Each structure stands twice: as C-alpha cells, then as structure tokens.
Amino acid sequence: MAFVSDIHGNLPALEAAVADAKARGAGPVVCAGDLTGYGPFPDEVCRFLQERHIPAISGNYDQKVIEVAKQGRVAAARMKQKKRKILLWTAAHLGDSIRRYLAGLPEHIARRLPGGHRLLVVHGSPASLEDAIYPSITRRGLEAKLGDQCPDILVCGHTHIPFVKRIGGILVVNCGSAGHPVDGDPRPAFALVRAEAGARPRGRIVRFDYDPQRTIAALQKTSLPKGLRKDFAEGRKMRFLE
C-alpha cells in the first residue's frame, strides 16, 4: 500500500506521487488528510482523489476550509493576515460538489488488512487532528496518544516530517508531505507499507521528483502570497505559516 498526506493543493506533486507509487508496484493508495491549502489546485486535488476512488480522511486545514465555506470570513477572523488570505482564497476556489466531498471525509480510517494486520490512518494523531507525532516519539508518548486504540500499523501526517519507526510492536509511519515539504528538500514524500500474513509489517519513505514549475506558474496567476512560490521551489515553509 501507499500513503500520501498533506498535499496542500499541489496537483502536479500528487499526480507524480501516485504514478511513482504505482510504478513501484504499490496496491491501494490512501490519503491521510490536508488535501487543501497553500497550493493553487485545491479543487483539482480533491477531484483527482474523488474520481480515482482514493480513500482520504480530513486534515486540520481541510476542516478550517469547510468552516470558512459554511460561516464565511468570520471563521478566519482571528488568523494572521497572510494565513487568513490563503485560507479565504482556498475556500473560494472550491466548487460546491467538492465542498460537499471535503465536508464528508472521515477523521480516520480503521480497517483490518487482508494479512490480518490492523491499520489506523489519522491526520495528526489518534488524539486529535491538530496533535502531532514526531520521530522522537517514545513508547510511553505513543501509548498516551493511542488511548484504547490497538493498531499494528499507525499512519499519520500533519508535521510534514516523514519517518518510519517501530514502537512497542506498532509500525508508526508518518508519510510526510506529498505536496509541500518543509525540510529544505523540495522533493515531496510518500510512504510504502508492506503487510503480509505471518510477517511483521514493514514500511519505507520515498522521496520523489516532480515538476514544481507547474505549481509555481499556477501560483503566479493567483492572489496568494508571493512567498509561497519560493517555499514550493525550495521545500520549506515560511515562519508566518507556522
């Protein structure tokens, strides 16, 4: 299986991620949230996933977009100016059908895989969409976030920091960002997971190339902050977006 997350409106990167995963023999692709925000293709990213029947969950940014779509500008009133501008632009560039699609996404996916392993896909952590799982997570820290959940494989995103780590018998996979990397490497990332009967699940991170100029050229035609172009080109995230 392949897992993508935090696409953030970057359609060219998503297209490249799915193509790369399929070329590597991955089976189903699952999206761990944050389809929208920052990038110039929020509607197109959602439509891509919807039309290809790629299961997806809602991310924290997606929920902010839906709040704006329902409540108007008041839902973004307390945000910093540039962050508010990005959020309002994103909500305004979603069609009605895609707003309904985004609003209907679940907050997690829990299923038992054909090999018998229990899979849990969340955006931030099992605790909340806004919570985060970093590579430094300890067994005690993970147990506190899991509550009564007992997966064999835990997949998340949100931090844009990809890693695979086995903790207390659980394969923890943060698939990073398939559209908006922040660690100085402009190549986005996704995760591959192999889960077979009678064997421990295994996973790895894949960094892949795509054409960022398509995204940057599209950004130039929008009213989104100019600094986003440099972010996508360099694989970073400006301070005002934190």
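Annotations
- Averaged over its residues, the chain has an accessible area of 45 Å² per residue, based on protein heavy atoms and a 1.4 Å probe.
- Calculated from the alpha-carbon coordinates, segment 38-85 shows an Rg and a Dmax of 12.6, 36 Å respectively.
- Listed pairs LYS83/LYS165; LYS22/LYS83; LYS165/LYS221; LYS82/LYS145; LYS145/LYS226; LYS80/LYS221 exceeding 29 Å between Cα atoms: LYS83/LYS165; LYS22/LYS83; LYS165/LYS221; LYS82/LYS145; LYS145/LYS226
- Entry note, segment 94-205: relative contact order of 21 percent, from Cα contacts under 8 Å with a spacing of 6+ residues.
- Of all aspartates and glutamates in the structure, those lying under 13 Å Cα to Cα from LYS64, and not within fewer than 8 positions of it along the same chain, are ASP34, GLU130.
- Summed residue charge, Cβ within 11 Å of GLN63's Cβ, Lys/Arg positive, Asp/Glu negative: -3
- The chain, relative contact order in percent, only Cα pairs under 8 angstrom and at least six apart counted: 22
- Ordering 19-31, 86-98 by mean Cβ neighbour count within 10 Å, with the highest value first, yields 86-98, 19-31.
- Assigned charges on the beta-carbon of Lys, Arg, Asp, Glu; segment 37-150 dipole about Cα centre (debye): 340
- Residue among TYR101, TYR38, TYR61 with the largest mean-square fluctuation in a Gaussian network model of the chain, springs linking Cα atoms under 10 Å: TYR101
- Rg(Cα)/(2.2 N^0.38 Å) for the chain, N = residue count: 0.96
- Alpha-carbon centroid distance for the pair segment 81-101 / segment 172-242, whole angstrom: 20
- Per-atom-type breakdown for the chain gives carbon and sulfur 47% of the accessible area (1.4 Å probe, protein chains only).
- Only aspartates and glutamates eight or more places from LYS230 in sequence, or on another chain, were considered; those with a Cα closer than 19 Å are ASP6, ASP183, ASP185, ASP209, ASP211, GLU242.
The values are calculated or read from the model by the stated rules, or taken from the named source; none is laboratory data. No experiment lies behind these values; they were computed from the predicted model shown. Positions of Cβ are backbone-derived with ideal geometry, glycine not excepted, and every protein chain shown enters the neighbour counts. Side chains are part of the model used for accessible areas, which takes the heavy atoms of the whole protein and leaves out ligands, DNA and RNA. Shrake-Rupley method; radii C 1.70, N 1.55, O 1.52, S 1.80 Å.
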